[in-house]
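The values are calculated or read from the model by the stated rules, or taken from the named source; none is laboratory data. Keep in mind that what you see is a predicted model, and the values were worked out from it rather than measured. Cβ coordinates were reconstructed from backbone atoms using ideal geometry, including for glycine residues, and neighbour counts include every protein chain displayed.
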Amino acid sequence: MSEKIFDPKGVLKDVENKFEMFQILNENGEIVNEEYDPKLSDEDLVELMSRMVYTRILDQRSISLNRQGRLGFYAPTAGQEASQIASHYALEKDDWILPGYRDVPQIVWHGLPLWKAFLFSRGHFIGNQIPEGLNIVPPQIIIGAQYIQTAGVALGIKKRGGKNVAVTYTGDGGSSQGDFYEGINFAGAFKVPAIFFIQNNQYAISTPREIQTAAKTLAQKGIAAGIPCVQVDGMDPLAVYVATKDARERAVAGEGPTLIETVCYRYGPHTMSGDDPTRYRTPDIDNEWAKKDPLVRFRKYLEGKGLWSEEKETEVIEKAKSDIKEAIKKADEAPKQKVTDLISIMHEELPSNLKEQYEIYKAKELK
């Protein structure tokens, strides 16, 4: 019998077996991949931890404010701090961030005032008015649409000869959307400076990752677009930082985009709009992932180096609470949003039908 050469299943298996999760810091806060330790300075390590702690408090307070009726739409972030904050820490100020709705922390650390982030949650148009010179766009609500936009922004960067990148994030569910494939395919074809993140937090709302796609890893989806891809321990801030830094360096060098899957977990519900994770997750699963908490892991690492203490953490927590209190107060002081406000900012020159509607609503608002 002639040697078997037609083996598509074998080819798939070979590809899948090449994807091993990249990790530097294990659950006990120990370096297990010394070769790739980024050797960040003590100041950088402390700053990264401070931002992660601050972001956890921001999440806790945002959930409370939502329950009080003082915020609108909110998607919890606890458990994804390493994926979000460590990836952002590897970026530069002139990089563009095109966030999904769960990625408010990255754009806040990029420079969006916290009070504007709160107004975004409330659906106030001022929350979407980005300060001049800040390279972000408002969080995308349509799942996966930010991938298409990122490919376009990155193409613009390339055409202008820029040395910055466009970065976006979606969840594991987003990787099953058509916009996801179109975005990475376009980016790969035009070799644009983009970094695409799939934050695999295990659930597309209530659908477990393992039943919404047959792919063994989500990272391997980048192969179809002909772009480099990697799976990273998304609870390990050092691994996420290194993977992002590497992708950025290659992008600005003209080597094109990268797809990064960060394997992580969201400890809270999908959003605060009625999702109940106890209906599709068991306490055993929650407890298993609690042991991998990125804050606990990084805290152990820094304490081992003598760089972190309970006093330092308390200081960061109190700073976060103070900033949040001030920001929500400023958001409360924003002028009440009117229909005429929305109509007047839609076009440089209003078409006749909107001029008519503007006058109708203006009359109602004057009553």
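Filtered by the rule that a residue be more than 12 Å from Phe197 (Cα to Cα) and part of a strand (DSSP E or B), region 231-253 gives a lone residue, Asp233. Among residues of region 90-108 being over 12 Å from the mean Cα position of the chain (by Cα) and among the hydrophobic types (A, V, I, L, M, F, W, C), the one that is farthest from Leu45 (Cα to Cα) is Trp96.
Looking at Val53, Val15, Val108, just one residue is surrounded by fewer than 17 Cβ atoms within 10 Å (Cβ to Cβ) and part of a helix (DSSP H, G or I), and that residue is Val15.
Reported count of residues in region 111-147, each being out of contact with any Gly (no Cβ under 8 Å at 6 or more places or on another chain) and among the polar types (S, T, N, Q), is 3.
Table: residues versus (1) in contact with a Phe, Trp or Tyr (Cβ under 8 Å, 6 or more places away or on another chain); (2) more than 30 Å from Gln84 (Cβ to Cβ).
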site: Asp284; (1), (2): no, no
site: Trp308; (1), (2): no, no
site: Met346; (1), (2): no, yes
site: Leu350; (1), (2): yes, yes
site: Leu354; (1), (2): no, yes
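For first residues located in region 218-243 and under 24 Å from Lys191 (Cβ atoms), partners that are assigned to a helix (DSSP H, G or I) and of a type in the set (D, E, K, R) and lie 6+ apart or on another chain with Cβ distances below 7 Å form the pairs Gln220/Glu16.
Scanning region 273-311 for residues that are assigned to a loop (DSSP other than H, G, I, E, B), among the charged types (D, E, K, R) and out of contact with any Asp or Glu (no Cβ under 7 Å at 6 or more places or on another chain) yields Asp275, Asp276, Arg281, Asp293, Lys305. Selection within region 113-137: residues that are without any contact (Cβ under 8 Å) to a residue 24 or more places away in the chain and in a loop (DSSP other than H, G, I, E, B). The member of this set that is surrounded by the most Cβ atoms within 10 Å (Cβ to Cβ) is Ile130. The set of residues in region 333-367 being of a type in the set (Asp, Glu) and either more than 31 Å from the chain's Cα centre (by Cα) or surrounded by 12 or more Cβ atoms within 10 Å (Cβ to Cβ) (or both) consists of Asp341, Glu348, Glu349, Glu356, Glu359, Glu365.
Surrounded by 20 or more Cβ atoms within 10 Å (Cβ to Cβ), modelled with pLDDT of 95 or more, assigned to a helix (DSSP H, G or I) and in contact with a Ser or Thr (Cβ under 8 Å, 6 or more places away or on another chain), is that true of Ile97? Criteria not met by Ile97. Here Ile5 clears all of (1) outside any helix (DSSP H, G or I); (2) among the aliphatic types (A, V, I, L, M); (3) touching a residue at least 60 places away in the same chain (Cβ under 8 Å) except the condition numbered (3). Among residues of region 330-367 being among the basic types (Lys, Arg) and outside any helix (DSSP H, G or I), the one that is farthest from Asn128 (Cα to Cα) is Lys367.
Quick one: which of Ile141, Ile57, Ile63 is touching a helix residue (DSSP H, G or I) at 6+ places or on another chain (Cβ under 7 Å) and among the β-branched types (Val, Ile, Thr)? Before the answer, list the steps.
Working: Ile141 fails: touching a helix residue (DSSP H, G or I) at 6+ places or on another chain (Cβ under 7 Å); Ile63 fails: touching a helix residue (DSSP H, G or I) at 6+ places or on another chain (Cβ under 7 Å).
Result: Ile57 is the single residue among Ile141, Ile57, Ile63 that is touching a helix residue (DSSP H, G or I) at 6+ places or on another chain (Cβ under 7 Å) and among the β-branched types (Val, Ile, Thr).
Only one entry in Gly123, Gly111 is at positive phi, assigned by TED's automatic domain parsing to the domain that holds Ala204, in contact with a Phe, Trp or Tyr (Cβ under 8 Å, 6 or more places away or on another chain) and of a type outside the set (Phe, Trp, Tyr), namely Gly123. Restricting the search to region 153-163, which residues are touching a residue at least 24 places away in the same chain (Cβ under 8 Å) and either part of a helix (DSSP H, G or I) or small (Gly, Ala, Ser) (or both)? Within region 153-163, Val153, Ala154, Leu155, Ile157, Lys158, Gly162 qualify. The set of residues in region 180-222 being β-branched (Val, Ile, Thr) and in contact with a Leu (Cβ under 9 Å, 6 or more places away or on another chain) consists of Ile184, Val192, Ile195, Ile198.
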